[in-house]
Amino acid sequence: MDDPVIRLESVTKDYPMGEVIVHALRGIDLEIAAGEFVVLLGPSGSGKTTTLNLMGGLDRPTSGRVIVQREDITRYGGKEMTRYRREKVGFVFQFFNLIPTLTARENVEFALALLGSKTGDMEKRAQELLEMVGLGDRADHFPSQLSGGEQQRVAIARSLANHPPLMLCDEPTGNLDVETGRSVLQVMRDLNRQEGTTIVLVTHNTSIAPMADRVVRLHSGTIREIATNPQPAPVSSLEW
Ligand SMILES: Nc1ncnc2c1ncn2[C@@H]1O[C@H](COP(=O)(O)OP(=O)(O)O)[C@@H](O)[C@H]1O
Ligand SMILES: [Mg+2]
C-alpha cells in the first residue's frame, strides 16, 4: 500500500495480571489507507479495543511499531502523544460521555475551548459541527432531551472539533437500536466520503461489516482475515 495513514508492524500487547500474562495482541500487521472506512470485527476479548487504543495513542504496545502519517508514535513522549491525540484523532465511544448539564452546542463548544478556540468563533463553529451531523435544530437541547442516536451524533460533532484526519470509534452503536444506530453510521459514512476522514470502527456486530470498505477480523489477538468489499452496502440496508 502506498503511504498508509496507519501502519501497525508486529504489534503485541501483554497485560500482566498477577501471576499470569494476558496476551491481548499477538503480532498484528495492518495498513490503513487515507480515506478508508475499516471495520475491525471480532468477538469480545479478541483485542479490538486494545488495537484501537494503540492507534489512538491512548496506550503503548509491548513490542512492535505504530506508524501514523510516517511517524512512529510509539517513540513519542507524553507531551507529543497528547499533541498527537489532540491534533490527529477523533474518538467516539460506546457511551457518549456528554456533560449532562450542558446543551448539545455547549458540549461541542467545551471541546473547542479545550483546543484553544477564540470565544467569538466557538458558537458559530459548534453550530456548524452540529449541522454536519444533522442536529442543527437541536443545539439547545440537553443530552437528556435527545435520543441515544442523537446523543451519539453530538459526541461525533464534538470529536470533530479538531478536524481530525483519523476517527476511531469503539462500538459506537453498541448501545443503540437499529434505527438510531443507522443514523450514527450514516453520519460516519458521509464524513468519510465527503471530508475524506479515515475511519476505523470497532464492533462485535457482524451486521455492520457490509458497509465497510475493508473488514479486518480479529480472533484471540491475531488477524484472522482481511476482506475488501468492492461495493460497500448502503447503511440503510443494514439490519441487526
Ligand atoms: N487493562 C487491561 N488489563 C488486563 N487485561 C486486559 C486489559 N485490557 C484488556 N485486557 C484483556 O485483553 C484482551 C483483549 O481485550 P480488548 O482489546 O478489550 O478486547 P475487545 O475490545 O475485542 O473485547 C482480553 O482478554 C482482555 O481481558
Ligand atoms: Mg472492546
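Could you count how many residues in region 24-42 are within 16 Å of ligand 2 (Cβ to nearest atom) and more than 18 Å from the chain's Cα centre (by Cα)?
Final tally of qualifying residues: 3.
Would you tally the residues in region 61-93 being farther than 17 Å from V5 by Cβ and of a type in the set (A, V, I, L, M)?
2
Just for region 83-136: of the residues that are surrounded by fewer than 16 Cβ atoms within 10 Å (Cβ to Cβ) and among the aliphatic types (A, V, I, L, M), which one is nearest to R182 (Cα to Cα)?
Going through the qualifying residues, I end up with I99.
Looking only at residues that are of a type outside the set (A, V, I, L, M, F, W, C) and within 16 Å of ligand 2 (Cβ to nearest atom) in region 2-22, which one is nearest to R75 (Cα to Cα)?
Per the stated criteria, the residue is K13.
If you go through region 21-57 one residue at a time, how many are among the hydrophobic types (A, V, I, L, M, F, W, C) and near ligand 1 (Cβ under 10 Å from one of its atoms)?
Count: 8.
Output yes when any residue across region 5-15 is more than 20 Å from L201 (Cβ to Cβ), free of Cβ contacts under 8 Å to residues at least 40 places away in the same chain and either within 12 Å of ligand 1 (Cβ to nearest atom) or outside any loop (DSSP other than H, G, I, E, B) (or both), and no when none is.
Looking through region 5-15, at least one residue is more than 20 Å from L201 (Cβ to Cβ), free of Cβ contacts under 8 Å to residues at least 40 places away in the same chain and either within 12 Å of ligand 1 (Cβ to nearest atom) or outside any loop (DSSP other than H, G, I, E, B) (or both).
Would you point out which residue out of T173, T180 is among the β-branched types (V, I, T) and out of contact with any Leu (no Cβ under 9 Å at 6 or more places or on another chain)?
None of the others qualify; the one that does is T180.
Sort out which residues of region 184-229 are small (G, A, S) and either within 16 Å of ligand 1 (Cβ to nearest atom) or surrounded by 22 or more Cβ atoms within 10 Å (Cβ to Cβ) (or both), and write them in order of number.
Scanning region 184-229 gives A209, A212, S220, G221.
So the check is Cβ under 7 Å with 6+ separation or different chains; which pairs have a first residue in region 49-62 that's at pLDDT 95 or above and a second one that's within 8 Å of ligand 1 (Cβ to nearest atom) and acidic (D, E)?
T49/D170; L52/D170
Return the pairs, sorted by first residue and then second, in which the second residue is outside any strand (DSSP E or B) and basic (K, R), the first residue lies in region 181-209 and is within 24 Å of V5 (Cα to Cα), the beta carbons are less than 6 Å apart, and the residues are 6+ apart or on different chains.
V187/R153; V202/K48
The values are calculated or read from the model by the stated rules, or taken from the named source; none is laboratory data. These numbers were taken from a predicted model, which means no experiment stands behind them. Backbone-built Cβ (ideal geometry, glycine too); neighbour counts: all protein chains shown.
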